[in-house]
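Just so you know, all these numbers are worked out from the coordinates, no wet-lab data involved. Just so we're clear, the structure is a prediction, and the values are computed from it rather than from any experiment. Cβ placement follows ideal geometry from the backbone for every residue including glycine, while neighbour counts extend to all protein chains displayed.
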Amino acid sequence: MKAPTLKDVAEAAGVSITTSSLVLSGKGRISEAVRIAVMDAADRLGYGKKRFADSPRGQPTAGILLSIDARWSFVWNFIRPVIAEIEACFAERGYNVVLIPIHAGLDAEGIARRILEERCAAVFALHYGNEELFALLEARGIPVILIMNGRFQDRFHSILADDFQGAYEGTAHLLRLGHREVLFVGTERTDLPNLATDRYYGFRKAVEEAGLPLDGRRNLSCDAANTQYLEAQLHAVFSAADRPTAVFAIDDDMAIRVAALVRRMGIRIPEDLSLIAPGDLLNYADPFVMPITTLRIDTTLMGKLASDMMFRRLSGEGDGVHVLKIKQQLVQRGSTRPLATTGKRTRSASKGSQKERFLASFERRPGLPVSRWLGASREFIAKACAELGVDEEAFRLRIGDDLRWIDAAPIGQGLRRVDPFGIERRGSGYGQPSSHPLREAPTMENLRDYPWPESEGEDVSFIRDRIADAAGRYAIVGGSWSPFWHDAVDLVGMETLACLMYDDPLFVETMLSRIVDYYVAVNTRIFEEAGDLIDLVFIRNDFGTQTGPLISIEHFERFVAPCLKRLVEVSRRYGIRTMLHSSGGIRPLIPAIAATGIDALHALQPDCPGMQGAALKKDFGGKLVLSGGIDARGSLLRGNPGEVRSSVLATLDVMAGGGGYIAAPSVDAVTEDVPVANVLAMFDAIAEWRGS
């Protein structure tokens, strides 16, 4: 029988591998309840009792040295995946893995004795440097591999991030956005001097290649912990007439400090200042952490490469010192923006065009025909085109649809049946989930370890060319439809989500935040590509049932409203309006929806309680542009063209007066069972209406 591993103990106790290691080694500030749970699990599994019983040396052990200092809590999110990957790789080979915390003041001999007591056959030094210790261990036949410490890369095997490349590409990203006044904010890192040097020279190389002057005014270095001094330096820099429009911070820790301090000066990110930093160390599971565009270091990959390198050393393969560097990857989270988009955008529309009447509905301009659009399933469009003998564009011209739609496309996936969040789907459209990946174990640890998608998986390169010709004539709807609520339901299941909102609200907030991170990043990339041509973002999330809201007002304000606000904010940076679609009886939620900054509300199902047009127009017509309300389940589906015409004109009499209304069916997609003749009658009636 395979000997139990530290991972087995952690799973049995319901805690992390790190917590188990700290308990079993007698380290760390661990609650008594957790300590008892871990010790009981270890006793049940026989972990420790047989640890060294099988041979004089016993089951082999790998040690991971960790420096516990003032930055410990900050770097933990960075090193945790490295540790988890090393533990997993070594557990497969029958090794125990122990964490060995290193405190200031411990000498090399003392640490070496601790390592020997643990009977370590291999040692990893993670974010820690002690040349004397490393030499001692190597001399005693214990191989050492350094991770994220380039200080001794000429003497010891090392796995590093390419800090020069990351800083170069991060700075180049700012330059591509049009920034020419870019400030480097660094700090001395006596523990990792190569990191600070490489990141500065990567920044410098990008600036020099752009032909920009580089002087002391654009290089600010200070102790990140000295907040008063940092604030004074930033105040001096940003009080100048030629103040920076972008900041490259040496790491995420410095970036969040800079963000907090410039906000005190009334400087907004990214409206007034773009901000980027390498590392991706921040805990975005915390909903209060500001999302920062970063250069991500794949720490799981680092753990895998370090393990592979160590196994080769243990088997006697290779000679000399080997160093591997991994590239950093740009992850956009909305803290950078093009310089050219600073300020309010002005969108032009040809006089008398369909785009003009769409924009007029938001401005509540009188005298123009009612704006209109049709959402329809692919099956309905195919049926309509076949009946009329035309293509889709000709059909939309026939009905006078004011909108044209564009979105990013998944790279290399074709007709995807697994969505970006790893949810398998079946059926037409967005499809229904065939599994709920987080339902069985909705824990914060599983949430942190979940493979969240990156926006780079979406291709945005074609968008501008695709919509350029139509942008002057039609209103362009662009960006992701961001179904964050549906994604949350599908990750854990509706019943589980309903319970979690009461039992573990932080889990729900964190899950929604991570989902929205993705949609903010995708929309940012789309808007940077073609935001000046896009007029509207259409957000689809259903918060109602046929009889009323799906969730309480309190839960909506706590869980949903912050997500909507983030999506609205990223759109407003580019001067783009937002429309929310929600089916069902959502009237009690509409004040909270309006408070998020949403510009328009769609569906307005008149067969649901409180969703009748006259009352909605009276109560919310001055706060929101209203769209929909033409009963898709009544005459449009079951009536004849004459009945449809009468129903539509009656709806317009109530909704369209005074502007602020966009005519549409009360669903986001008309289905195949709706008669084409009824849809034509609906749009003919809209064109006919001239006011009551």
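Whole angstrom only: what separates the Cα centroid of the stretch 528-589 from the Cα centroid of the stretch 199-256?
The stretch 528-589 and the stretch 199-256 have Cα centres spaced 37 Å from each other.
What does the charge add up to near R473, with Lys and Arg as +1, Asp and Glu as -1, over the other residues with Cβ less than 10 Å from its Cβ?
On the way: positive: K355, R404; negative: E356, D402, D469.
Net of charged neighbours comes to -1.
Using the 10 angstrom Cβ neighbour count as an exposure proxy, how do D673, D215, D419 rank, fewest first? Walk me through the intermediate numbers first.
Working: D673 11, D215 6, D419 18.
In order of increasing Cβ crowding within 10 Å: D215, D673, D419.
Put +1 on the Cβ of every Lys and Arg and -1 on every Asp and Glu Cβ in the chain; which of I276, C499, A656 then has its Cα farthest towards the positive end of the dipole?
Checking the options against the dipole of the chain, the answer is A656.
Between R572 and E424, take the C-beta separation as r, use R0 = 41 Å, and let me know the FRET efficiency to the nearest 0.05. Intermediate values should be presented prior to the final figure.
Numbers: r = 35 Å, r/R0 = 0.85.
The computed FRET efficiency comes out at 0.75.
Decide, for the stretch 607-657, between rounded, prolate and oblate: order the square roots of the alpha carbon gyration tensor eigenvalues as a ≥ b ≥ c, take rounded if a/c falls under 1.5, and otherwise choose prolate if a/b is larger than b/c, else oblate. The partial results should precede the final answer.
Numbers: a/c = 2.82, a/b = 1.84, b/c = 1.54.
Prolate shape, in that a/c is at least 1.5 and a/b is the bigger ratio.
How high is the relative contact order of the stretch 344-688, in percent, counting Cα pairs under 8 Å that sit 6 or more residues apart?
Numbers: 614 pairs, mean separation 73.4, N = 345.
Worked out over the stretch 344-688, it gives 21 percent.
Mind pulling the angle between the C-alpha long axis of helix 72-92 and the longest principal axis of the chain? Nearest 10 degrees, somewhere in 0 to 90.
That works out to roughly 70 degrees.
Taking every DSSP beta bridge that has both residues in the chain, what percent is antiparallel when rounded to the nearest 5?
Details: 9 of 69 bridges.
Looking only at bridges with both residues in the chain, the antiparallel portion is about 15 percent.
In what sequence do D272, D459 fall when counting other Cβ within 10 Å, fewest first?
Working: D272 16, D459 13.
Fewest-to-most Cβ neighbours within 10 Å comes out as D459, D272.
Quickly estimate the mean residue ellipticity at 222 nm for the chain, helices only: each DSSP H run with n ≥ 4 gives -39500 (n - 2.57), and the total goes over all residues, rounded to 500. The partial results should precede the final answer.
Values: 25 runs with 285 residues, N = 692.
After summing the helix terms and dividing by the residues of the chain, the value is -12500 deg cm²/dmol.
Working out 0.36 nm times the residue gap between E209 and R93, then minus their Cα-Cα distance, what length gain in nm do you get to one decimal? Provide the component values of the computation, followed by the final result.
Values: separation 116, 0.36 × 116 = 41.76 nm, distance 4.79 nm.
Length difference between fully extended and current span is 37.0 nm.
How would the stretch 470-518 be classified by its alpha-carbon gyration tensor: rounded, prolate or oblate, with rounded meaning a/c under 1.5 and the a/b versus b/c comparison settling the rest? Could you put the intermediate results ahead of the total?
Numbers: a/c = 4.58, a/b = 3.08, b/c = 1.49.
Since a/c reaches 1.5 and a/b is larger than b/c, the shape of the stretch 470-518 is classed as prolate.
Taking the beta-carbon count within 10 Å as an exposure proxy, list W373, W405 from fewest neighbours to most. Present the calculation step by step, with values, prior to reporting the outcome.
Values: W373 28, W405 16.
So the residues, fewest neighbours to most, are W405, W373.
Calculated FRET efficiency, D504 and K351, Cβ-Cβ r, R0 56 Å, to nearest 0.05? Please list the in-between numbers first.
On the way: r = 55 Å, r/R0 = 0.99.
Plugging the Cβ-Cβ distance into 1/(1 + (r/R0)^6) gives 0.50.
Enter the angle in degrees (range 0 to 90, nearest 10) between the Cα long axis of helix 641-655 and the first principal axis of the Cα atoms of the chain, meaning the one along which they spread out most.
Here the helix axis deviates by roughly 70 degrees.
Take A615, project a point 7 Å from its Cα along the Cβ direction, then tell me which residues of the stretch 665-685 have their backbone nitrogen under 17 Å from it.
It comes to no residues whatsoever.
List the residues, sorted by chain then number, that are 5 or more residues from A376 or on another chain and whose placed amide H is less than 5 Å from its amide H.
Amide H neighbours of A376: V670.
Run the dipole for the stretch 344-688 about the Cα centre, Lys and Arg Cβ at +1, Asp and Glu Cβ at -1, nothing else charged, and hand back the magnitude in debye, nearest 20. Kindly include the intermediate steps, with their values, before the conclusion.
Numbers: 39 positive and 47 negative charges, 244 e Å.
Value, rounded to 20: 1180 debye.
Using the Cα atoms of the stretch 386-520, I'd like the radius of gyration and the largest Cα-Cα distance, Dmax, both in angstrom.
Expressed in Å, the Cα Rg and Dmax of the stretch 386-520 come to 18.6, 56.
Would you kindly calculate the mean projected area, averaged across all directions, of the convex hull enclosing the Cα atoms of the stretch 344-688, in square nanometres? Each step should come with its number before you reach the end.
On the way: hull surface 66.9 nm².
Projected over every direction and averaged, the Cα hull of the stretch 344-688 covers 16.7 nm².
State the Cα centre-to-centre distance between the stretch 113-183 and the stretch 459-497 in whole Å.
40 Å
Determine the sum of side-chain charges near F683: Lys and Arg each +1, Asp and Glu each -1, restricted to other residues whose C-beta is under 9 angstrom from that of F683.
Working: positive: R372, R398; negative: D401, D684.
Net charge around F683: 0.
So for the stretch 566-669, what are the equivalent ellipsoid semi-axes in whole Å, largest first, each being the square root of 5 times an eigenvalue of the Cα gyration tensor?
Details: eigenvalues 127, 35, 34 Å².
So the three semi-axes of the stretch 566-669 are 25, 13, 13 Å.
If you take the square roots of the eigenvalues of the alpha-carbon gyration tensor of the chain and sort them as a ≥ b ≥ c, do you get rounded (a/c under 1.5), prolate (a/b over b/c) or oblate? Walk me through the numbers before you get to the answer.
Working: a/c = 2.59, a/b = 1.79, b/c = 1.44.
Because a/c hits 1.5 or more and a/b exceeds b/c, the chain counts as prolate.
So, in nm, how far is label A240 from label W689 when the simple model puts each one 7 Å beyond its Cα toward the Cβ?
Label-label distance for A240 and W689, simple model: 5.8 nm.
With point charges of +1 on the Cβ of Lys and Arg and -1 on the Cβ of Asp and Glu, referenced to the Cα centre of the chain, which listed residue (L106, L324, L368) lies farthest in the positive direction of the dipole?
With unit charges placed on the Cβ atoms, the residue in question is L368.
Mind giving me the nanometre distance, one decimal, between the label points for W452 and D653, set 7 Å out from Cα along Cα→Cβ?
For the pair W452/D653, the computed spacing is 5.2 nm.
Give, rounded to the nearest 20 debye, the magnitude of the charge dipole that the chain has about its Cα centre when Lys and Arg contribute +1 at Cβ and Asp and Glu contribute -1 at Cβ. Could you put the intermediate results ahead of the total?
Values: 80 positive and 89 negative charges, 194 e Å.
Charge dipole, the chain, about its Cα centre: 940 debye, nearest 20.
Tell me the net charge near K617. Cut-off is 14 Å between Cβ atoms, K617 excluded, with +1 for each Lys or Arg and -1 for each Asp or Glu.
Numbers: positive: R364, R587, K618, K623; negative: D619, D653.
Summing Lys/Arg as +1 and Asp/Glu as -1 gives +2.
Please give, to one decimal in nm, the separation of the simple spin-label points placed at H103 and K623, each 7 Å out from Cα toward the Cβ.
In this crude spin-label approximation the distance works out to 5.6 nm.
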